[in-house]
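What follows is a set of notes on a single structure, which appears directly below.
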Amino acid sequence: MSEILEQMPTGLSSETAAAGKLTNAQKKAVVAATLGTIVEYTDWVIYATFASILAQQYFSAGDSLTALLQVFAVFAVGFVMRPIGGAVLGAFADRYGRKAGLTLSILLMSVASFAIGVCPSYESIGIAAPIVLVLARLVQGFSAGGEFGSASAFLVESAPAERRAFAGSWQWFAINAGTLVSFILGFGLATFGSESGLADWGWRVAFIIAALLGLITLWIRLSVGETEVFKKRVAAEGVVKNPFKDVVLNHRRDALRVIGIAMAGNLLNYVWMVNYPSYIHIVTGMQRADTLLIGVISVTISLLIIPFIGKLADRIGRKPVLIGFSVLSAAWAWPSFALLYPGMSFAEALVMMTIPMVIMTGFAGAAAVMMVEQFPAKVRVTGVALPYALSVTLFGGTAPYIITAMNGWGYGGYTWIYLAVICLIAAIAYSRLPETKGQPLR
């Protein structure tokens, strides 16, 4: 984190970029954006980490597969709100500032996570339990829909042309780090508590801790100033009254590009990073604590690589990095499922998760900057947030349900085909994008 603060400029223009290092206030602002996204995605991802336990707590006793499918259905319901959150919070950030959008999103996410953590089980309050769960996930989806656009715009707008991909890579660094925190919470609770304790109360501790971290980050975000790019744009042009309308009418092509940029990464994020430890647990029979530790190690490795991939995208361009990611992902789709087997050793399972996490750093290093560079400043957050959220909903939110259902129906061996096809389509989309490396932000 310190490396980005030393290398990023103090403002928007090339003159400011040459001025030197970030001031203490600006360093605090960058930290606030990154930490906030880490907490947001901890709150969002931790639901999948404890999916099997939530199935027992919030739905009536019965067939375990049916209960798990219900939990994943609620997981998918949360994604329905992401495009709405992207449109509403994106427009809010374009009109009132990146700081305002980031502050509101973290507040909503924290409140929803706390609600899940303290809500009584189905056994205690009956049908009210899954209703509270659904409402909380809807709020979380709304919040997550606005977070990505605001944070990505904040980071990329703060960098000079030759450092924008490096700066943008910290957005996906934060997303992966949020997943890592959720794995660490799950691993710690599973290791230092009993299986029964984890099922009875340990998962609640994880949600409550995540909510409290969000409130701490809210305080940090409230203490930072607005970005220079937003203040200068407002002073020069005023604000767009309806950023959503402007994107729909005048930037449809750019919005479609964002969907194309994001679709493979969003699908694989939820298959290979969020849900893969649970899949390893189911297929191999490994202890939950061991599979969560595998997630901790493999995601940590990805965090070490992501900033360097961002630098690579600044050096050779965004397109080659993204094309490499999509082609390698398509090639690894079949092995990622076929090579898992009952009784697999810890080392073998670690390799199986680390390989896709390394491949996905190609997306992490170049995707955010490529999306941000498609839009002018006046609609940038809405332009990124809305189509990105649509992509997450279409390709990420449905992934756990589709894979779980196919496994239950006996077709689990064919899910890799879906992954490979989406990755190959993404490779074609990347090849047709104009290269934005070195181009001035609009």
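The values are calculated or read from the model by the stated rules, or taken from the named source; none is laboratory data. For clarity, every value in this text was computed on a predicted model and none was experimentally measured. When we count neighbours, we look across all protein chains shown, and the Cβ atoms used for this are built from the backbone with ideal geometry, even at glycine. Areas reflect the complete protein model, heavy atoms only, side chains present, ligands, DNA and RNA absent. Shrake-Rupley method; radii C 1.70, N 1.55, O 1.52, S 1.80 Å.
Counted residue by residue at 0.36 nm each, then reduced by the alpha carbon distance between them, the extension gain from V239 to A128 reaches 35.7 nm.
Using the 1.4 Å probe convention, the accessible area of the stretch 204-346 works out to 43 Å² per residue with neighbouring protein chains retained. Cross-link pairs exceeding 24 Å between alpha carbons, from the set K99/K378; K378/K437; K99/K245; K232/K319; K245/K437: K232/K319; K245/K437. With the highest mean first, a sort of the peptides 134-144, 349-359, 148-158, 414-424 on other beta-carbon atoms found within 10 angstrom per residue produces 148-158, 134-144, 349-359, 414-424.
Net length available on complete extension from I208 to V283 is 24.0 nm, with 0.36 nm assigned per residue and the Cα-Cα distance removed. Nonpolar atom fraction for the stretch 326-421, defined as the carbon and sulfur part of the 1.4 Å probe accessible area, stands at 76 percent. The calculated FRET efficiency for the pair A338 and K231, based on their C-beta separation and a Förster distance of 51 Å, comes to about 0.45.
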